[in-house]
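Worksheet: the structure to be examined is printed underneath.
Values quoted throughout were computed directly from the atomic coordinates according to the rules given, and no laboratory measurement underlies them. What you are looking at is a predicted structure, and each value in this text was computed from that prediction instead of being measured. Note that we place each Cβ from the backbone using ideal geometry, even for glycine, and neighbour counts take in every protein chain shown.
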Amino acid sequence: MELSEESVEHYRRHGFVRVPGVLSAAEAAGYARAAAELPGASSTGPEMRPFRQYVNVWRTSAVLRALTLHPKLSAPAHQLAGVPLRLWHDQVLVKPPHHETATEFHQDHPYWPHRTCRHALSAWVALVDVPAESGCMTFLPGSHTHTGLRPQDLHKEGDLFEIDPELRWSERVTVPLRAGDITFHNSYTGHMALPNRTDAARLAHVVIYMDADTVYDGRPHPVTDGVGLLPGDRLDGDLFPPLTSAAAGSRSE
Ligand code: SIN
Ligand code: NI
């Protein structure tokens, strides 16, 4: 599936884009079953965090590996980024039923130990219907040009706006998704996810792509800790497979 020029233009201009119907309802339901079977994913109980997070499920679940590495996701990701990509990591993010905690506004990139990397992006895949009431994403259009900020606290409302007051006055775009729809967002695009006020768990699978030539900067991160990397090393090898489709072109910059 090739994205329209309009979708690519929307992504480049606003830092995010919604792509409906990437997976069929039946495909999404199959992946949702695999996500719900992750240990503790379906339990209820008190929660402190904005979500339950399962990082690099592609390494342990054959079903979710197929989704993470799926060309239906990586081909549009490559088209949007316009540069060759690798997998940085994936994560299943579960907001349990009646989980009143929002994921507060943040950019993803400042958390990552990447010395070089400008086009990293995430595919946020709705495995179930995700209306606003169950914790869909809200984006700050154009905020992907605001680079160089320190990491923001996902738990602290307004932390991003304390660092970058102009963004407090940005338009906010909330994007409900049907199961099988995806939003792609640039790693510098400010975003948040609403609380889940429904009876059903919100199940999302996020695949994060980075520029294929991304270099490690040595900071701690759960994905790179203990794997023997030195600052200045390229993030390549088995943990970071290339995910580039021959069909997508390269950007000229
Ligand atoms: C969420 O789904 O709750 C947040 C996802 C993100 O920050 O990318
Ligand atoms: Ni995020």
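Structure above, values below:
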item	result
Förster-model FRET efficiency, 45 Å R0, residue 98 and residue 2, C-beta, rounded to 0.05	0.65
Ellipticity estimate at 222 nm from DSSP helix runs (n ≥ 4, -39,500 (n - 2.57)) divided over the chain, nearest 500	-5000 deg cm²/dmol
Extension gain, residue 150 back to residue 24 (0.36 nm per residue minus Cα-Cα distance, nm)	41.5 nm
Estimated distance in nm for a label pair at residue 9 and residue 236, the labels positioned 7 Å out from Cα along Cα-to-Cβ	3.6 nm
20 °C / 1.002 mPa s Stokes-Einstein diffusion coefficient of segment 101-202, Kirkwood radius on C-alpha pairs, µm²/s	152 µm²/s
Extended-chain gain in nm, criterion 0.36 nm per residue less alpha-carbon gap, residue 200 and residue 166	8.7 nm
Neighbour net charge for residue 120 - beta-carbon separation under 10 angstrom, K R +1, D E -1	0
Distant-in-sequence amide H partners of residue 177 (H built 1.01 Å from N, under 5 Å)	130
Cα-based Rg and Dmax for segment 138-179, where Dmax is the largest Cα-Cα distance (Å)	11.6, 35
